[in-house]
Ligand SMILES: Nc1ncnc2c1ncn2[C@@H]1O[C@H](COP(=O)(O)OP(=O)(O)OP(=O)(O)O)[C@@H](O)[C@H]1O
Ligand SMILES: [Mg+2]
């Protein structure tokens, strides 16, 4: 990706934020290039929102620095803010205002001329399928409609860098798909997106690069594919037998070389250091027990496995099969 004349879209150096004894953000450094769709991934309480709040000028860092297109978020916060906007974790739309008034109000906050705000508001409402609802108060909006409005509000100043803090959390499947398409579309138009999520599947689906944050520290930064490749320890074998009884599961779990076996849908998911040996062992086991293997596969580690490996935290995003 070509570097723009005014440098990285986001540059963070040794950023810290403490709340009393708690180091919520503990010396993080990273760069996001213009045009990237960057994922900031971590479990609850990892420090994601704290970081976004500092980068968007909502709170001050305890130490370290950050710039948006070369403008320091503390010393040059006005210029930094001209380049960014944010879809916050909690809706910032006024419930008693209509969709239209929220957009006009946000435009005024960002110093966009009134006529231009109205033009952009109409375009955004049409794009996000909310134009018919422009005169309705936000308090009557569904979660998904509200999230789309908040995204529209964040686009009213035509930011070059868009921060999105958990944009799909709490939405139904259809709205999640809509919002993810929206995020991709914005990024394709050239907007740099800094997407905060605790959802590995989402990071895997959307992001060019991902930083994993845990307890205020970045434990890895790479492409989703490289992160998966890096987790050599986490090799997976998936197997289905013609009879999937609890005895079969326990039997497989106790085989030599199988670190862990868990049932996922119609498959047994095995964690091992040596997939090829595990496959032989499972074959022998099937022969001994008179079982037939109906499916066997070595899919490689999912981003979730990598996350568990790097942070020591399991089970945060079970249920969606993201590879
Ligand atoms: N204003 C505050 N005062 C005191 N502690 C805070 C404050 N804001 C955040 N924290 C603490 O800082 C840590 C990081 O919180 P943060 O909100 O950044 O996490 P997060 O990664 O966004 O989590 P989530 O996925 O739940 O949104 C947490 O331990 C939290 O309790
Ligand atoms: Mg948060």
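Every number here is computed from the coordinates shown, using simple stated rules; none is lab data. In this text, all values refer to a predicted model and were calculated from it rather than measured experimentally. Cβ sites come from the backbone with ideal geometry, for glycine too, and all protein chains shown count toward neighbours.
In what sequence do 177, 212 fall when counting other Cβ within 10 Å, fewest first?
Numbers: 177 12, 212 24.
In order of increasing Cβ crowding within 10 Å: 177, 212.
Just to be sure I understand: of the beta bridges DSSP finds with both ends in segment 10-223, what percent are antiparallel, rounded to 5? Intermediate values should be presented prior to the final figure.
Numbers: 21 of 39 bridges.
Beta bridges within segment 10-223, antiparallel portion: roughly 55 percent.
Classified by the C-alpha gyration tensor, the chain has a prolate form. Its axis ratio a/c, with a ≥ b ≥ c, is 1.5 or above, and a/b is larger than b/c.
Take every pair of alpha-carbon atoms less than 8 Å apart whose residues are at least six positions apart; their mean separation over the length of the chain yields a relative contact order of 18 percent. Neighbour counts of C-beta atoms inside 10 Å place 134, 184, 147 in the sequence 184, 134, 147, starting with the fewest.
Using a ≥ b ≥ c from the Cα gyration tensor of segment 235-300 (square roots of the eigenvalues), is it rounded, prolate or oblate, where a/c under 1.5 gives rounded and otherwise the larger of a/b and b/c decides, a/b for prolate?
rounded
Could you give the angle, 0 to 90 degrees to the nearest 10, between helix 99-109's Cα long axis and the longest principal axis of the Cα atoms of the chain? Long axis of 99-109 versus the principal axis of the chain: about 70 degrees.
Work out how much length residue 132 to residue 188 would gain on full extension: take 0.36 nm times their residue separation and subtract the Cα-Cα distance, in nm to one decimal. Don't jump to the answer; show the numbers that get you there.
Working: separation 56, 0.36 × 56 = 20.16 nm, distance 2.64 nm.
Stretched out fully, the residue 132 to residue 188 stretch lengthens by 17.5 nm.
Could you pull out which residues in segment 291-312 have an amide N less than 16 Å from a spot 7 Å beyond the Cα of residue 242, following the Cα-Cβ vector? Backbone N within reach: 291-296. Each of 241, 141 has some number of other Cβ atoms within 10 Å of its Cβ, and from fewest to most they run 141, 241. In the chain, the DSSP-assigned H stretches of four residues or longer account for a calculated mean residue ellipticity at 222 nm of -10500 deg cm²/dmol, using -39500 (n - 2.57) per stretch and the full residue count as denominator.
Relative to the longest principal axis of the Cα atoms of the chain, the long axis of helix 143-154 makes an angle of roughly 50 degrees.
Can you give me the relative contact order of segment 235-300 as a percent, contacts being Cα pairs under 8 Å and 6 or more apart?
Details: 108 pairs, mean separation 32.7, N = 66.
Relative contact order for segment 235-300 comes out at 49 percent.
Computed from Cα positions, the angle between helix 275-289 and the longest principal axis of the chain comes to roughly 50 degrees.
Under 8 Å for C-alpha pairs, at least 6 residues apart: give me the relative contact order for segment 172-323, rounded to a whole percent.
Values: 203 pairs, mean separation 42.2, N = 152.
It rounds to 28 percent for segment 172-323.
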